[in-house]
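This report refers to the structure that appears directly beneath it.
The values are calculated or read from the model by the stated rules, or taken from the named source; none is laboratory data. Fair warning: this is a prediction, and the values are worked out from it, not measured in the lab. All Cβ positions, glycine included, derive from the backbone under ideal geometry; neighbour counts span all protein chains shown. Note: accessible area is taken over every heavy atom of the protein model, side chains too, but ligands, DNA and RNA are not part of it. Shrake-Rupley method; radii C 1.70, N 1.55, O 1.52, S 1.80 Å.
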Amino acid sequence: AGVPSPLLCKEFVVEPYQVFLARFYGADAILLIAAVLPNSDLAYLLKVVKSLGMTALVEVHTEGELERVLSIPEVELVGINNRDLGTFEVTLETTKRIMESKQGQECKDRDLVVVGESGIFTLDDVNFTQECGCRSILVGESLVKENDPETAIKTLFGR
């Protein structure tokens, strides 16, 4: 979005109105979760997002979800959620498994930016996601739980 600190609207978006509202409140990007949206809704919401000059982070948790998402030409940014939304269990092995799959290879071949999400608490976790092929990370819980976010961010990146 070309701003110093882009703002991501991270909620369960299921209606176009939520995209407009997020933009109204200053969001530059919005999270679209493949597990809760059929492809027809994803494609439509992606068009709404783009028409507002925003970016969509399309989140997956399985190879099947990624395969579905890759069939939508407008997808440019894919997030792999290491948290299973059904059980809330978290493992970075999800990123590894998906990035080693044929769908993960397609992401690399198409030069899509893949974001590692959830379960990233240490520099080793950051390095692991990068080694798997993620070019970005989305970190929340590990920073929110800290009293000093600046120090936590520096620690996360080994500084």
**Item:** Radius ratio Rg over Rh of segment 90-159, counting only Cα atoms, Kirkwood formula for Rh
**Value:** 1.02
**Asked** Which length gain, in nm to one decimal place, applies between residue 74 and residue 153 when the Cα-Cα distance is subtracted from 0.36 nm times their residue separation?
**Response** 25.3 nm
**Message:** Straight-line reach from residue 108: which lysines fall under 24 Å, measuring Cα to Cα and dropping same-chain residues less than 8 apart?
**Reply:** 47, 50, 96
**Request:** Enumerate the whole-percent occupancy of each 10 Å bin, from 0 to the last occupied one, for all C-alpha pair distances of segment 49-104.
**Result:** 22, 50, 23, 4
**Complete:** Whole-Å distance linking the alpha carbon centroid of segment 120-146 with that of segment 25-70 is 21 Å
**Asked** If amide H atoms are built 1.01 Å from N in the plane of the peptide, which residues on other chains or at least 5 residues away come under 5 Å of the amide H of residue 77?
**Response** 58
**Asked** What percent of all Cα-Cα pairs in the chain falls in each 5 Å bin, counting up from 0?
**Response** 2, 9, 19, 20, 21, 17, 10, 3, 0
**Asked** Quick one: Kirkwood hydrodynamic radius for segment 1-84, alpha-carbon pairs, angstrom, one decimal?
**Response** 12.8 Å
**Asked** What accessible area per residue comes out for segment 28-89, rounded to a whole number of Å², with a 1.4 Å probe?
**Response** 41 Å²
**Item:** Descending principal axes extents, segment 14-57, alpha-carbon based, whole Å
**Value:** 26, 17, 15
**Request:** Taking the Cα centre of segment 23-153 as origin, work out the dipole magnitude from +1 charges on Lys and Arg Cβ and -1 charges on Asp and Glu Cβ, in debye rounded to 20.
**Result:** 460 debye
**Request:** Taking H placed 1.01 Å from N in the peptide plane, check which residues at least 5 places from residue 33 or on another chain put their amide H under 5 Å from its amide H.
**Result:** 13, 59
**Highest to lowest packing among 68-74, 80-86, scored as the average C-beta count within 10 Å** = 80-86, 68-74
**Message:** For residue 55, what residues show an amide H to amide H distance below 5 Å, using hydrogens built from the backbone and excluding near sequence neighbours?
**Reply:** 29, 30
**Prompt:** Rounded to the nearest 5, what % of the DSSP beta bridges within the chain are antiparallel ones?
**Reply:** 5 percent
